[in-house]
Amino acid sequence: MVVAEGRSRRHGASRAKGARSLRTVRAPVGVAWRRGSGILRRMKPELHLAPEVLLRAYAAGVFPMAEGANDGDVFWVDPHMRGILPLHGFHVPRRLRRTIRKRPFEVRVNTAFERVIAECAAPAPGRRSTWINHLIREAYTRLHERGHAHSVECWRDGELVGGLYGVSLGAAFFGESMFSRRRDASKVALVHLVARLKAGGFRLLDTQFVTEHLCRFGAVEVPRYEYHLLLDDAVHAAADFMAFDGDDDVERVLALALARAVEKGDESSRGVMDTPGRNGVKDAGGSDPNECQ
């Protein structure tokens, strides 16, 4: 999913940097595919990014991207190494804990989904374009209307100043992008997201790629085959994104986010299989150099 202040996990620069880790994949059922190109044939967006097709794609371990915000097409991606954020290995830096305890933002959920994705798609200092085009914005808005895409938002004085969005399927959450217009806003949103996922019984937080910034939160890379084992376990389990109602209780949020209670042998609840702790997530946004793009 989602997390790094300043750019998104799928920004053009890091996408190019990790290009060798990507591969062309067979399109999900219902999606036209040009063999070997990694790019979908042009067609009506309701055909290749329909909600049911997107959900099948996520369940199969692939996700869509565009070359740029003005691109009229999308392609499917299946990284050789997949970024995840183990829920029970999540780390919150001490400075960020102090920031959260000061309550700099009002955190809301699903009150401005379209605005969040628009902010993630918008140009920002250090980022002329993003991977989020109009097809992706429209497709994920439809997913949101069906209850499968969610936003976590940071507000200050009535202004939306940061947040993230992603897709939920079973007990898996796929972080898509983040943005910040105020320092730490996307980081605070991430901490609240992790607390919410733990409270709701989620097993997997997929960040798709790992950024240097996100490593400080505990993100790791796992091989594709291992990711698919985690994914299969998670999508066939039940979870509730809206089960948590304590975003105004910062101590409860921090306690959940930092909880390490993992039963011995329960690798699925850890979200990674005996993988040394590295970190990563995706983000979007304003002045910080690692956010949503």
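The values are calculated or read from the model by the stated rules, or taken from the named source; none is laboratory data. Note that this is a predicted model, so its numbers are computed, not measured. With ideal geometry, Cβ positions are generated from the backbone for all residues, glycine too; neighbour counts draw on all protein chains shown. What goes into the accessible areas is simple: the full protein's heavy atoms, side chains included, and nothing from ligands, DNA or RNA. Shrake-Rupley method; radii C 1.70, N 1.55, O 1.52, S 1.80 Å.
Of everything in region 164-178 that's assigned to a strand (DSSP E or B) and of a type in the set (A, V, I, L, M), which residue is most open to solvent (accessible area, probe 1.4 Å)?
Per the stated criteria, the residue is Leu169.
Kindly provide the set of residues from region 113-136 that are part of a loop (DSSP other than H, G, I, E, B) and surrounded by fewer than 16 Cβ atoms within 10 Å (Cβ to Cβ), ordered by number. So that I can check it myself, show each step before the final result.
Within region 113-136, the subset part of a loop (DSSP other than H, G, I, E, B) is 122-123, 125-126, 128-133.
Hits for region 113-136 are Pro123, Pro125, Arg128.
Working only within region 137-163, note down all residues that are open to solvent by 10 Å² or more (accessible area, probe 1.4 Å), within 14 Å of Phe179 (Cα to Cα) and in contact (Cβ under 8 Å) with a residue 60 or more places away in the chain.
none
Quick one: which helices (runs of 4 or more DSSP H) sit completely within region 204-293 and have at least 2 residues that are surrounded by 15 or more Cβ atoms within 10 Å (Cβ to Cβ) and at pLDDT below 85?
Helices (runs of 4 or more DSSP H) meeting the threshold: 212-215, 267-270.
Just for region 62-86: of the residues that are farther than 18 Å from Trp131 by Cβ and within 14 Å of the chain's Cα centre (by Cα), which one is surrounded by the fewest Cβ atoms within 10 Å (Cβ to Cβ)?
So the residue we want is Pro86.
State yes or no: is Ser168 modelled with pLDDT of 95 or more, within 19 Å of Asp247 (Cβ to Cβ) and out of contact with any Leu (no Cβ under 8 Å at 6 or more places or on another chain)?
yes
Take Arg181 and tell me if it is open to solvent by 10 Å² or more (accessible area, probe 1.4 Å) and in contact with a Ser or Thr (Cβ under 9 Å, 6 or more places away or on another chain).
The answer is yes for Arg181.
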